[in-house]
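Below is one structure, written out as structure tokens, with a few remarks after it.
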Amino acid sequence: MFVLVNLKTYPCDPVAVAEAVRDVNESTDARVAVAPQAAHLERVAETGAETWAQHVDPIDYGSNTGHTLAETVAEAGAVGTLINHSEQRLKLADVDGAVEAAERADLETVVCANNPAQIGAAAALGPDAVAVEPPELIGTGTPVSQADPDIVEDAVEAAQAVDADVSVLCGAGISTGDDVVAAGDLGSEGVLLASGVAKADDPTAALEDLVAPL
Ligand code: G3P
């Protein structure tokens, strides 16, 4: 299972969480990675934790003030990027452009979507993975795998109908190892999560709990 910890703009210490991600990753068969804010990518990557960007823009080098260039993210040490997260939605053409930009920079791609219909559209753009996250469950602590198992199974079906090789992840409300196992039982190859680690008093303990059954 792939466990991607998105730090969003939570006021946690990104380096401390990254060190915990690195250490927990070494003690499990699961693949554990962290997605800090763009300004923290370099410091986080220096810890040795697998580092992802939260977003890249559908742009190339040039006059793009305020945008995030895929090549810069890669130079900072990221190996992959989220695209079209629920909190950073893009138009379909821009999702396509962001996937192209990420591929140009050799970044692995996870395109997020709200529901199985959008997952099918996302899978058609050729990312490495798609992730279904019902926005109403994000940050609630109620795991998608428990609150809406059908959405995960339907997302897997929708993605595989388009591209049998695309990985399907799920997210929203995941905070325990049992949640991760339940996601896997529904056909998900990984999870995206944020508050369960970024807002935890002890992020290391939270991460250890997440991977304990894997
Ligand atoms: O990217 C993961 C995220 O949107 C889920 O957030 O806080 O429900 O784990 P959370």
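Structure notes:
- Considered as a group, the residues in the stretch 108-128 that are assigned to a loop (DSSP other than H, G, I, E, B) and touching a strand residue (DSSP E or B) at 6+ places or on another chain (Cβ under 6 Å) include one that is farthest from R31 (Cα to Cα), and that residue is P127.
Residue-by-condition table, conditions (1) in contact with a strand residue (DSSP E or B) (Cβ under 6 Å, 6 or more places away or on another chain); (2) under 21 Å from G139 (Cα atoms):
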{"residue": "T9", "(1), (2)": "no, yes"}
{"residue": "G62", "(1), (2)": "no, no"}
{"residue": "T65", "(1), (2)": "no, no"}
{"residue": "A76", "(1), (2)": "no, no"}
{"residue": "A102", "(1), (2)": "yes, no"}
{"residue": "D106", "(1), (2)": "no, no"}
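- Identity of the residue in the stretch 180-195, assigned to a helix (DSSP H, G or I) and open to solvent by 20 Å² or more (accessible area, probe 1.4 Å), that ends up nearest to N84 (Cα to Cα): S195
- Filtered residues of the stretch 94-108 (kept if within 9 Å of P58 (Cβ to Cβ) and open to solvent by 90 Å² or more (accessible area, probe 1.4 Å)): E100
- Every pair of residues 6+ apart whose Cβ atoms lie under 8 Å, when the first sits in the stretch 1-25 and is closer than 18 Å to G48 by Cβ while the second is of a type in the set (S, T, Y) and within 16 Å of the ligand (Cβ to nearest atom): F2/S167; A18/T51
- Tallying residues that are in a helix (DSSP H, G or I), open to solvent by less than 50 Å² (accessible area, probe 1.4 Å) and more than 10 Å from the ligand (Cβ to nearest atom) within the stretch 136-179 yields 9.
The values are calculated or read from the model by the stated rules, or taken from the named source; none is laboratory data. For clarity, every value in this text was computed on a predicted model and none was experimentally measured. We place every Cβ from the backbone using ideal geometry, glycine too, and count neighbours over all the protein chains shown. Heavy atoms of the whole protein, side chains included, go into the accessibility calculation; ligands, DNA and RNA do not. Shrake-Rupley method; radii C 1.70, N 1.55, O 1.52, S 1.80 Å.
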